[in-house]
Amino acid sequence: MAGSGRRPEHRGPPELFYDEAEARKYTQNSRVVEIQSQMSERAVELLGLPEGRPCLLLDVGCGSGLSGDYISDEGHYWIGMDISPAMLDVAVEREVEGDLLLADVGHGIPFRPGMFDGCISISAVQWLCNADKKSHSPSKRLYRFFSTLYTALLELITAQAMRAGFTGGMVVDYPNSAKAKKFFLCLFVGASGMLPKGLGTECADGEEIHQAKFTNERTRFRNTKGKSVKKSRDWILEKKERRRRQGKEVRADTKYTGRKRRPRF
């Protein structure tokens, strides 16, 4: 995970502070956009993502998608979470390329283990330090956020262990239990060991419950041969294709796509 920022002056919970007017003002402020872009660039750089392979990132507190713009420009995919409906409405209007989720990260990260290659958060996590409601406990909300985020990033840990020469994988005990579920990273050195079965993975009649297997590759990126130069024809075609897959209207490709125009006199 990478990214941080100056803690905003406490003016109530973010979902109320960032109303429609504030959300639009935030997104249209050139200084804010510049700072957001610079911090996003640094945050993604600190993740140390592998070269030449698009990754799936989680943007916590994505707001109107300013950080997501940089992630998309770098050729990566992203999912953004935010508690402010007004901010997400602006993101939809801006036609950002990531998927958006209205959610309070203080309740945890609602994604399956090992789903993301990394996570960034620009000026958002500090909101969890506020007790905006009587039911809010900052320490509990922070723990819930970080513990579930750790689970969502488990594949990053597993992949690096495999890269270092270990074999093995994840074992999940009681996968269908909300309280008893436990995750174990089992690593072997030398001869490949047989990965143990998780506890509670068999039904009463003895049938095995099928669990998702984690690997260090993503089939959706299998044919990718590296990032294209930004603003090049290939980069533009890839961006248009991503938008088509999202069901958005895109102009047809022609021989003029990506071609630089001559300066007008």
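The values are calculated or read from the model by the stated rules, or taken from the named source; none is laboratory data. Computed from a prediction, not measured in an experiment: that's the story for all the values here. Note that we place each Cβ from the backbone using ideal geometry, even for glycine, and neighbour counts take in every protein chain shown. Side chains are part of the model used for accessible areas, which takes the heavy atoms of the whole protein and leaves out ligands, DNA and RNA. Shrake-Rupley method; radii C 1.70, N 1.55, O 1.52, S 1.80 Å.
Some values worked out for this structure:
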{"quantity": "Filter pass, GLU95 being under 26 Å from TRP235 (Cα atoms), surrounded by fewer than 20 Cβ atoms within 10 Å (Cβ to Cβ) and over 16 Å from the mean Cα position of the chain (by Cα)", "calculated": "yes"}
{"quantity": "Filtered residue count, region 83-92, keeping only those that are without any contact (Cβ under 8 Å) to a residue 40 or more places away in the chain and buried (at least 16 other Cβ atoms within 10 Å of the Cβ)", "calculated": "2"}
{"quantity": "Single condition GLY61 does not satisfy, out of (1) under 16 Å from SER121 (Cβ atoms); (2) more than 15 Å from the chain's Cα centre (by Cα)", "calculated": "(2)"}
{"quantity": "Pairs with Cβ under 7 Å, 6+ apart, first in region 27-46 and at pLDDT 90 or above, second in a helix (DSSP H, G or I) and among the hydroxyl-bearing types (Ser, Thr, Tyr)", "calculated": "SER40/SER67; SER40/TYR70; GLU41/TYR70; VAL44/TYR70"}
{"quantity": "Selected residue (criterion: nearest to the chain's Cα centre (by Cα)) from residues of region 109-129 that are open to solvent by 10 Å² or more (accessible area, probe 1.4 Å) and not hydrophobic (A, V, I, L, M, F, W, C)", "calculated": "ASP117"}
{"quantity": "Hits in region 111-132 (condition: free of Cβ contacts under 8 Å to residues at least 24 places away in the same chain and either assigned to a loop (DSSP other than H, G, I, E, B) or in contact with a strand residue (DSSP E or B) (Cβ under 6 Å, 6 or more places away or on another chain) (or both))", "calculated": "ALA131"}
{"quantity": "Qualifying residue in region 57-65 (condition: outside any loop (DSSP other than H, G, I, E, B) and either closer than 20 Å to GLU238 by Cα or open to solvent by 20 Å² or more (accessible area, probe 1.4 Å) (or both))", "calculated": "yes"}
{"quantity": "Hey, ARG11 modelled with pLDDT under 90, surrounded by fewer than 16 Cβ atoms within 10 Å (Cβ to Cβ) and not in a helix (DSSP H, G or I) or not", "calculated": "yes"}
{"quantity": "Close pairs from region 133-151: first closer than 15 Å to PRO113 by Cα and of a type in the set (Lys, Arg), partner open to solvent by less than 40 Å² (accessible area, probe 1.4 Å) and not in a helix (DSSP H, G or I), Cβ under 6 Å, at least 6 apart", "calculated": "ARG144/GLY108"}
